[in-house]
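These notes are about the structure you will find just below.
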Amino acid sequence: MSEAFVDENFGRWMRSVTIVDDEERLGVLKAASEAAEKDLVGRELAVVMAAYGRMDEAILGWLGAHLRAIDDSFVAEGKEEMLKVLAAVAVLGRIVSSEEPDATLCALAVSSADFSGMDAVIAELPQTARSRLVEIGRAVRETQVPAASSYLVKVPPQRKEVNEAGEATGIGQALTDIYSVGQAIKKLATMVDSSVRPALARQLALEEEIEMLWWVISDVDETNVPWSERSGLGRAVAGAVELAVRTRILPEPPSAHALLDKLLGKEAAKERSLAEFATEAAAQKINSLAGQEHALLPIASAYEAINKFATDDDENTWQNAMQNQLKVDPQLKHSLLGGSLQLYRELQIVRLLGE
Amino acid sequence: MSEPQIIGCEADGCPVLESGRCLEGFERPAECPHATTSASQGEQKSEVESGHAPDPEESPDVEESESNQSAIELGGGESLTLSQADRLSNRYGGRVVLVAGEFQSGKTTLVAELYGRFLKGSYSGWSFAGSDCLRALDGRYHGTRENSGLTHPDVPRTEDEEMRLVDLRLQQGGKRLPLMLTDIRGELFDGIVEGGPVASLVPLATRADQLVVLIDGKQIASDFKRSVTLAWSKQLIGGLTEAGGVGAGTPTAIVLSKADLVDDEHSQWFAEEAIGLQRLALERGCGPTEIFTVAARPDTSPHEPIDLPPLFNWLTSESTDKAEIRVNDKIEGRSFWRWSAK
């Protein structure tokens with residue numbers, strides 16, 4: 001998947017918010033979306049929200065500014081739906097064209113939006129983000145090393161003091177040989193230098209892989225409680241947190257889904273509500289979730305709402321607050337695997353936002 | 001030179017007076033075309049004081065302005081021209097439904113009755129979410145109602161020469177559906193059947209997200225006219241799907257209108273022939289094609305539509321127009337660290 005995908009489908013996406021064919025206008029919109037795509041850093045979550053139909057004033061103004069940079073007569077007022085589609089195109093374009101942290105953050109945020117039951121203004125956005133999350137997870141764990149042949153250097157054969165013809169080795173010949181050896185050593189040193197980074201990256205990826213594999217076959221969690229003694233919900237929450245701790249490279253490896261599935265076993269398909277996931281997270285005191293309040297961090301936000309408003313006798317206030325403020329339904333049901341994966345992704349998002 | 005003071009803004013909802021931030025994103029809000037500044041207000045005031053009044057020849061006539069003050073024209077609410085629909089779609093999006101059919105086949109009646117369903121509350125799970133064409137919709141629907149004073153329900157004939165649309169915005173939960181139904185005179189479709197280029201007769205065809213081909217049940221009920229009507233419909237489908245017309249893959253509905261006038265024998269006949277029309281539409285590149293029978297405004301009291309829900313459900317069904325994306329998340333061999341030699 002590449003930028004060509006965006007180019008091929010841009011006209012069709014803009015069709016949903018225009019009636020009259022106007023090539024010039026389409027060109028302006030395309031150029032603006034490309035500019036916005038390169039300017040996502042620091043506003044990833046807000047732009048993803050706009051891509052899911054919830055555009056705030058700041059993003060309206062930001063997109064308007066990008067359009068006005070190309071067409072100074074452009075006015076954002078009255079073009080909300082068009083700007084939401086542009087936001088979605090910018091997010092999609094960034095996700096398909098980059099493996100940088102902002103692209104990763106966008107892909108994770110799109111995944112969160114799906115979990116919260118939101119609808120993207122571009123139908124292809126969720127699937128694209130899922131696909132790219134796998135591809136980026138693979139790509140950031142791939143290491144390229146120089147081919148063995150590139151370490152080959154040529155050094156001149158060792159000369160004798162006197163050759164077979166009885167001629168003594170002259171200073172000129174010696175200097176030539178020294179120069180050749182020097183060039184060979186220089187080349188070798190460059191190759192060794194350029195191998196250090198890949199070697200370190202390789203080591204990091206290997207350590208992560210070994211950690212995760214040992215973790216998933218272990219019978220106990222980090223607190224030495226046997227996994228079998230935890231409820232399915234408890235495993236889902238603790239599993240997501242422990243896997244996140246072992247994730248050295250962001251985003252998640254392509255096998256994250258399979259690892260959590262293995263941990264949950266037969267319970268993976270059982271369903272629980274968002275409220276139940278968050279309540280379990282609160283019971284396990286997952287401090288890394290604290291302080292979050294965003295529709296794209298539904299479990300973390302529910303955790304925060306529970307800490308603020310929930311009491312032993314009152315389970316409703318925090319849920320009402322969440323529904324009213326974030327428009328997220330705490331009673332929406334998800335499989336244990338889906339909820340665990342979501343929690344794992346929210347922890348990645350929180351980490352990326354903090355970096 | 002000091003920044004002129006912002007004293008107002010014409011943009012609805014702009015927070016510039018409260019927070020100093022411009023809704024349009026201007027870093028210097030005074031540069032926004034919507035902003036009213038102390039400097040600009042001062043210029044207007046000094047123009048008046050210095051006697052630079054507008055040219056008397058351009059001034060409105062006094063009598064005329066006095067009579068205008070007694071009637072406030074709110075404006076709006078009529079059916080939309082293409083450029084108006086375009087602007088509206090920028091705001092709400094637009095799913096264009098091309099309603100095609102011959103003269104008096106029931107195109108306008110169908111649109112009017114769809115609107116009329118929402119005068120009684122939600123319909124088939126959907127609620128009314130707004131329209132910028134209330135006057136047009138109400139005008140088309142009004143003739144069907146008792147308080148119109150008419151002895152029989154009637155819908156005014158579409159007179160507009162231009163391509164026009166009426167917008168009917170619906171919602172279901174958090175989902176919004178901005179329908180834009182065409183309101184085009186039957187004579188234009190006659191032109192297509194007679195071989196005229198669809199691109200110039202009905203330029204909106206290329207933008208259609210859904211196509212409804214209405215076939216007049218009153219004609220189908222007549223042994224003498226039904227074959228002609230069927231042939232006309234075939235020509236229409238052929239003409240609409242020519243180059244510059246309805247796009248490939250456009251979902252299509254073949255609809256028998258005025259179904260209350262069609263007896264069982266003729267209904268059976270139509271059902272068999274409609275399969276041929278369906279096949280033709282698919283061969284011509286249309287998308288999934290379904291067949292419906294509807295009586296949008298039956299002649300007999302209480303004139304409530306018959307069999308409208310299936311067609312309505314088709315109109316409101318989710319679009320399948322999206323690219324196929326395969327997610328390769330299968331664990332194929334080692335899924336962690338990999339290396340390759342460059």
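Please treat every number below as a calculation from the coordinates, not as lab data. What you see is a predicted model, and the numbers here were worked out from it, not measured in a lab. All Cβ positions, even for glycine, are placed from backbone atoms using ideal geometry, and neighbour counts span all protein chains on display.
Brief remarks on what is shown
- Cysteines in the protein assembly as shown that, by Cβ-Cβ distance, have no pairing candidate under 4.7 Å: A:106, B:22, B:32, B:133, B:286
- Amide H partners (placed H, <5 Å) of residue B:130, local residues excluded: B:169
- Within 10 Å of each Cβ in A:145-152, the average number of Cβ atoms from other chains: 2
- C-alpha center-to-center spacing [region B:197-213, region B:237-272] in angstrom: 15
- Paramagnetic label reach from residue A:217 (point 7 Å along Cα→Cβ; backbone nitrogen cut-off under 11 Å): within region A:254-297, no residues.
- In terms of surrounding Cβ atoms within a 10 Å radius of their Cβ, B:140, B:135 rank from fewest to most as B:135, B:140.
- Reach of residue A:160 by Cα under 30 Å, taken over lysines that are not fewer than 8 positions away in the same chain: A:186, A:187
- Rounded, prolate or oblate (a/c below 1.5 giving rounded, otherwise prolate when a/b exceeds b/c) for region B:260-317 by Cα gyration tensor: oblate
- Taking every DSSP bridge with both residues inside the protein assembly as shown, close to 50 percent are antiparallel.
- Each residue of region B:275-286 is assigned a 3J(HN,Hα), and the resulting list reads 5, x, 5, 4, 5, 4, 4, 5, 5, 7, x, 5 Hz, derived from the Karplus form 6.51 cos²θ - 1.76 cosθ + 1.60 (θ = phi - 60°), x at Gly and Pro.
- Under a 5 Å amide H cut-off, with hydrogens placed 1.01 Å from N, residue A:143 pairs with B:338, B:339, B:340 among residues at least 5 apart or on other chains.
- Reciprocal mean inverse distance between Cα atoms of the protein assembly as shown - Kirkwood radius, Å: 30.7
- Shielding of A:74-81 by partner chains, average beta-carbon count, 10 Å: 6
- Span-rule helices in chain A, defined as complete DSSP H runs reaching 24 Å or more along the axis (Cα) with Kyte mean at least 0.0: A:80-97, A:171-217, A:336-354
- Modelled label reach - residue A:186, point 7 Å along Cα→Cβ, region A:148-174 residues with backbone N closer than 16 Å: A:153-156
- Exposure proxy ranking for B:206, B:182, based on other Cβ atoms within 10 angstrom of each Cβ and starting from the fewest, stands as B:206, B:182.
- When chain A is treated as a Gaussian network with alpha carbon springs shorter than 10 Å, the biggest mean-square fluctuation among A:89, A:162, A:110 belongs to A:162.
- Summing charges over all other residues whose Cβ lies under 12 Å from the Cβ of residue A:41, with Lys and Arg as +1 and Asp and Glu as -1, gives -3.
- When the helices of chain A are scored as -39500 (n - 2.57) per DSSP H run of n ≥ 4 and the total is divided over every residue, the value at 222 nm lands at -20500 deg cm²/dmol.
- Relative counts (whole %) of C-alpha pair distances in region A:1-135, using bins that are 10 Å wide: 13, 50, 32, 5, 0
- Residue with peak Gaussian network fluctuation, chain A [Cα springs, cutoff 10 Å], from A:182, A:172, A:78: A:172
- As a calculated quantity, the FRET efficiency between residue A:56 and residue A:154 at R0 = 45 Å, using C-beta atoms, amounts to about 0.10.
- On the beta carbon distance between residue A:7 and residue B:187, with R0 = 45 Å, the FRET formula returns roughly 0.65.
- Of the GluC sites (Glu not before Pro) found in region A:190-278, the ones in coil according to DSSP and having at most 14 other Cβ atoms within 10 Å of their Cβ are A:222.
- Put in order of Cβ neighbour count within 10 Å, fewest first, the listed residues B:97, B:202, A:192 become A:192, B:97, B:202.
- Prolate/oblate/rounded call for chain A, Cα gyration tensor, a/c under 1.5 rounded: oblate
- Simple spin-label estimate for residue B:242 and residue B:300 gives 4.3 nm between the two label positions (7 Å along the Cα-to-Cβ direction from each Cα).
- Inter-chain shielding of A:5-12 (mean C-beta neighbours from other protein chains, 10 Å cut-off): 1
- Restricting region A:43-90 to GluC sites (Glu not before Pro) in coil, as DSSP defines it, with at most 10 other Cβ within 10 Å: none
- In the elastic network of chain A, a GNM with C-alpha springs shorter than 10 Å, the most mobile of A:154, A:262, A:308 is A:154.
- Amide H contacts of residue B:96 (H built 1.01 Å from N, under 5 Å, at least 5 apart or other chain): B:180, B:209, B:210
- Where the Cα pairs of region A:135-268 fall when distances are cut into 5 Å bins, in %: 2, 8, 13, 12, 9, 8, 7, 6, 6, 5, 5, 4, 4, 3, 3, 2, 1, 0
- Applying a DSSP loop filter and a limit of 16 other Cβ atoms within 10 Å to the chymotrypsin sites (Phe, Trp or Tyr not before Pro) in region A:95-197 leaves nothing.
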